[in-house]
Amino acid sequence: MMPAAETQNIASNGSSQGVHLPIYMDNHATTPMDPRVLEAMMPYFTKIFGNAASRNHSFGWEAEQAVEKAREQVARLIGATAKEIIFTSGATESNNLAIKGIAEMYRERGNHIITQVTEHKAVLDTCKRLEKSGCRVTYLPVNADGLIELEDLKRAMDDKTILVSIMFANNEIGVVQPVAEIGKLCRERGVLFHTDAVQAAGKVPVDVNAMNIDVLSLSAHKMYGPKGVGALYVRRRNPRVQIAEQINGGGHERGMRSGTLNVTGIVGLGKACDLCREEMPQETERLRKLRDHLKTRLESKLDYIHVNGSMEHRLPGNLNMSFVYVEGESLLMGINDVAVSSGSACTSATLEPSYVLKALGLGDDVAHSSIRFGLGRFNTLAEVDYVADKLIDIVQKLRELSPLYEMVKEGIDLTKIQWEAH
Ligand SMILES: *Cc1c(COP(=O)(O)O)cnc(C)c1O
């Protein structure tokens with residue numbers, strides 16, 4: 001038993017009561033699997049283990065039935081039909097299949113692809129690869145809000161443009177691109193529109209018809225499903241999109257993606273889609289409130305902090321903030337019992353500032369001092385309060401050690417002094 005005074009101390013001190021450490025607040029990197037998803041998957045590991053491609057016995061039929069049910073569940077989440085869903089190993093594969101498959105199939109018509117600078121590497125590196133084999137790629141810039149300008153997109157289109165690939169929502173700053181407008185423009189120009197909707201699917205409404213989306217990637221492990229399974233939506237009507245397969249074999253998934261289906265994973269993806277769809281209205285509200293609470297608490301106690309990317313066009317569970325005049329690594333060490341992402345990316349043993357934050361115009365130091373909070377289904381108000389308390393405390397402590405912050409406090413104009421300069 002804890003002495004009463006001590007208990008009181010913890011309680012008044014913040015919210016370490018009722019909070020299990022470490023706290024996971026990195027739901028854009030991956031999400032924990034929902035126990036209801038696991039439950040749906042379990043029978044398919046042992047009892048119903050058939051190969052969905054086995055046509056001669058009930059083991060195969062049962063597996064196939066489960067796969068077809070999941071196909072409907074995925075389709076329903078995004079307003080598609082089941083036949084338009086192809087199962088893959090995840091969104092990296094979906095993005096590769098979409099972009100390479102279209103570039104190959106529509107080669108006669110043109111070789112120009114338009115994307116943008118803050119895409120996930122699964123899109124950017126695929127485009128870079130295609131540039132080596134004769135494709136021309138335009139990388140649109142983003143504005144200070146992290147969004148593309150439709151005028152830039154219009155200007156970039158020419159008679160050789162076959163594909164526009166713009167993500168639905170960004171994985172670092174959570175901003176939601178003007179997808180419906182992009183889709184409308186593409187449709188008018190007769191250009192195919194692919195969107196990497198990994199962060200959006202199951203979090204905000206996605207409707208492939210209302211938004212004129214032709215091809216869409218999603219991934220189970222970003223929506224409380226298992227890792228290693230995803231889907232690609234490929235429009236079948238108005239227009240019928242054709243994709244050159246990138247994996248050859250038994251002709252599974254209507255020839256577009258050969259390989260024995262990951263039945264358990266697919267069942268999990270289907271269930272995950274159902275849960276997200278059913279719970280989206282309430283969950284969106286809950287997450288937005290938690291996120292705004294975190295933001296309000298931080299802003300009430302700390303100065304020189306700012307949100308990266310549009311607050312208006314943003315996923316409900318995302319907050320990306322810079323804590324200016326604080327050294328990034330010390331900041332992360334100070335909150336080491338909270339799993340979040342920093343504005344730094346580890347590339348070949350050096351800490352590089354995030355290319356997404358750089359694209360918004362942030363300097364290296366500000367990018368390094370940024371934190372991505374990814375709130376998800378299992379985060380609670382007590383956890384948000386714990387994280388807020390902890391951050392306020394550590395940022396205040398680190399700033400006491402920061403000569404730059406002291407100068408700012410004393411009213412010295414730092415705008416001319418490069419914060420980047422060490
Ligand atoms: C996670 C992610 C991917 C990659 O998905 P995997 O299924 O992990 O391969 C692609 N795009 C975005 C925006 C992501 O967040």
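The values are calculated or read from the model by the stated rules, or taken from the named source; none is laboratory data. Just so it is clear, the model here is predicted, and its values are computed rather than measured. In this analysis, Cβ positions are derived from the backbone assuming ideal geometry, glycine residues included, and neighbour counts consider all displayed protein chains. Surface accessibility is based on the protein's heavy atoms, side chains included, excluding ligands, DNA and RNA. Shrake-Rupley method; radii C 1.70, N 1.55, O 1.52, S 1.80 Å.
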Quiz item: Just a yes or no: is a residue in the range 322-337 free of Cβ contacts under 8 Å to residues at least 24 places away in the same chain and farther than 13 Å from ILE394 by Cα?
Solution: no
Practice problem: Those residues that are of a type in the set (A, V, I, L, M, F, W, C) and assigned to a loop (DSSP other than H, G, I, E, B), I need them from the range 36-67; list them, please. | Solution: MET42, ILE48, PHE49, ALA52, ALA53
Quiz item: Restricting the range 391-401 to residues that are among the hydrophobic types (A, V, I, L, M, F, W, C) and part of a helix (DSSP H, G or I), which is nearest to ASP26 (Cα to Cα)?
Solution: LEU391
Self-check item: Residue within the range 216-235 that is open to solvent by 10 Å² or more (accessible area, probe 1.4 Å) and away from the ligand (no atom under 14 Å from the Cβ) present
Solution: yes
Practice problem: Report, ordered by the first and then the second residue, all pairs with beta carbons closer than 6 Å, sequence separation of six or more or different chains, a first member in the range 22-41 that is among the hydrophobic types (A, V, I, L, M, F, W, C) and open to solvent by 20 Å² or more (accessible area, probe 1.4 Å), and a second member that is more than 16 Å from the ligand (Cβ to nearest atom) and not in a loop (DSSP other than H, G, I, E, B). | Solution: ALA40/VAL267; ALA40/LYS271
Exercise. Count, please, the residues in the range 177-200 that happen to be in contact with a Lys or Arg (Cβ under 8 Å, 6 or more places away or on another chain) and crowded, with 23+ Cβ neighbours inside 10 Å.
Key: 3
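Of all residues in the range 43-76, which are hydrophobic (A, V, I, L, M, F, W, C) and either more than 18 Å from ASP214 (Cβ to Cβ) or away from the ligand (no atom under 16 Å from the Cβ) (or both)?
Correct list: PHE45, ILE48, PHE49, ALA52, ALA53, PHE59, TRP61, ALA63, ALA66, VAL67, ALA70, ALA75.
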Quiz item: Here are some conditions: (1) open to solvent by 40 Å² or more (accessible area, probe 1.4 Å); (2) of a type in the set (Val, Ile, Thr); (3) within 27 Å of ASN379 (Cβ to Cβ). ILE247 meets all but one. Which one does it not meet?
Solution: (3)
Practice problem: Report, ordered by the first and then the second residue, all pairs with beta carbons closer than 6 Å, sequence separation of six or more or different chains, a first member in the range 92-115 that is open to solvent by 10 Å² or more (accessible area, probe 1.4 Å), and a second member that is within 12 Å of the ligand (Cβ to nearest atom) and part of a helix (DSSP H, G or I). | Solution: THR92/ALA122; ASN96/THR126
Quiz item: Would it be correct to say that ARG286 is modelled with pLDDT of 95 or more and open to solvent by 30 Å² or more (accessible area, probe 1.4 Å)?
Solution: yes
Quiz item: If only one of GLY265, GLY259, GLY270 is surrounded by fewer than 20 Cβ atoms within 10 Å (Cβ to Cβ), modelled with pLDDT of 95 or more and over 30 Å from HIS112 (Cβ atoms), which one is it?
Solution: GLY259
Quiz item: So, of the residues in the range 335-366 that are in contact with a Pro (Cβ under 7 Å, 6 or more places away or on another chain) and modelled with pLDDT under 95, which turns out to be least open to solvent (accessible area, probe 1.4 Å)?
Solution: GLY343
